[in-house]
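Heads up: the structure comes next, in C-alpha cells.
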Amino acid sequence: MIRPARTAGPDLPGHPYGRRVLAAELAALGRATPGQRNRTLNRTAFKVYRYVAGGVLDEQDVTVAFTTVGLAIGLGRTEIGRTLASARTAGLANPRTVPAAPGMKFGENRS
C-alpha cells in the first residue's frame, strides 16, 4: 500500500517551533537544583505536553526526552513516571499550537 507523502506543516509532530520549546524546557530542567527538580519537571513537562495536545510534538518523544533528563539530574524512575503522568494529563487538556506569524489573521492559511 502506498501512503501519501507527508508535507511539512506547522502542526506535524516535530515542528521546528515545538523542538525549540522542547529544547528550552529540557535545558531548564537540566538546571534544576535539588529540592526543585520534581517541581521543575512537572512545570516544564506540562508546558511541552500542551504542544503534544496541539499536534506539534510526538508524545513518546517528549516522554523519553523528559525521562532521560530527569534520570540525569538524579530523579528516580517512579518519581519521573508519576510526575510526567500528572503533567501529561494537565497538558493534554490544554492544547497549544504554533503561534501565528506576525500579521496573520486567525484561520489564515500559513502556506
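Segment residue 92..residue 43, full-extension length gain: 16.3 nm, with 0.36 nm per residue of separation and the alpha-carbon distance subtracted. Between amide H atoms placed 1.01 Å from N, distances below 5 Å from residue 57 occur with 14, 52, all of them 5 or more places distant or on a separate chain.
The 3J(HN,Hα) values that the Karplus relation (6.51, -1.76, 1.60; θ = phi - 60°) gives for segment 65-75 are, in residue order, 4, 5, 5, 4, 5, x, 5, 5, 8, x, 7 Hz. Gly and Pro appear as x.
Along the Cα-to-Cβ line of residue 33, 7 Å from the Cα, sits a label point; which residues in segment 60-96 have backbone N less than 19 Å from it? So the set is 73-75.
The numbers here are math on the coordinates, done by the rules we state, and not lab data. Keep in mind that what you see is a predicted model, and the values were worked out from it rather than measured. Note: ideal-geometry Cβ built from the backbone for every residue, glycine included; neighbour counts use all protein chains shown.
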